Amino acid sequence: MDKTEIINKTIAFVKQTLANEPTGHDWYHINRVVKLSEKIAQKEGGDIFKIKLIALLHDISDYKLYKTEQEGIEKLNNFLDEIIDDEQLKNEIKSTISGISFKGGTNTQKLSLEGQIVQDADRIDAIGAIGIARAFAYGGNKNRAMHTPDQKPQTFKNQEEYKNNKGSTINHFYEKLFLLKDKLNTSSAIKIAEQRHQFMEDFLTQFFMEWEAEV
């Protein structure tokens, strides 16, 4: 199977798998991450085939989309077994995907340039106007409060604490979204993130004003 066929089959698989996904991890998110990855790669370099494949598959094994973490891992592994014969490439894709996720800020896995680019693109899509929309979509889907004034944001010692957190969506800004700009890998991504980060700050200023019914 040549590279073009692999990419086309992967697009079809991801579209089918994430159809009607309600938490902001849908096909449209994946497609934006692919596009952002390509834009960053134009400046930073990297193997574009690997970048596209990683970007397309980066959420397929995400624990947030399944009843168990193992279910997602098996889904990714089974698909890669179908489309890739090269064991080294297959293992590289799986390893890179496992290192992209935020995991409460506890994920410190070293990434290749390709992995860094996709991680940056994924994090950029988690901030700005789209990031705000995705945060509230996710919070609503998980029955989380929009805002609980007396509930303070948390810091997490490990992934389990992050997974079990039931805090409000507004807390999520402080627990993750505002941290992302300073965790980006590439200068190209940092430039893109600056305006989006400022947009979130402006949004919260307005949000808190309206929350208190100020006019």
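Read-outs throughout are calculated quantities, based only on the coordinates presented, and are distinct from any laboratory measurement. Computed from a predicted model, the values in this text were never measured in an experiment. With ideal geometry, Cβ positions are generated from the backbone for all residues, glycine too; neighbour counts draw on all protein chains shown.
Residues of the range 71-94 that are under 19 Å from the mean Cα position of the chain (by Cα) and either free of Cβ contacts under 8 Å to residues at least 12 places away in the same chain or in a loop (DSSP other than H, G, I, E, B) (or both): GLU71 alone.
Of the residues making up the range 9-34, those that are free of Cβ contacts under 8 Å to residues at least 40 places away in the same chain and not hydrophobic (A, V, I, L, M, F, W, C) number 6.
Of all positions in the range 46-62, at least one carries a residue that is touching a Leu at 6+ places or on another chain (Cβ under 9 Å), surrounded by fewer than 16 Cβ atoms within 10 Å (Cβ to Cβ) and outside any helix (DSSP H, G or I).
Taking every residue in the range 145-168 that is closer than 17 Å to PHE207 by Cα and pairing it with any residue that is acidic (Asp, Glu) and surrounded by 12 or more Cβ atoms within 10 Å (Cβ to Cβ), at least 6 positions away or on another chain, the pairs with Cβ-Cβ distances below 8 Å are PRO153/GLU175. Among the residues of the range 123-149, those that are surrounded by fewer than 20 Cβ atoms within 10 Å (Cβ to Cβ) and β-branched (Val, Ile, Thr) comprise ILE130, THR148.
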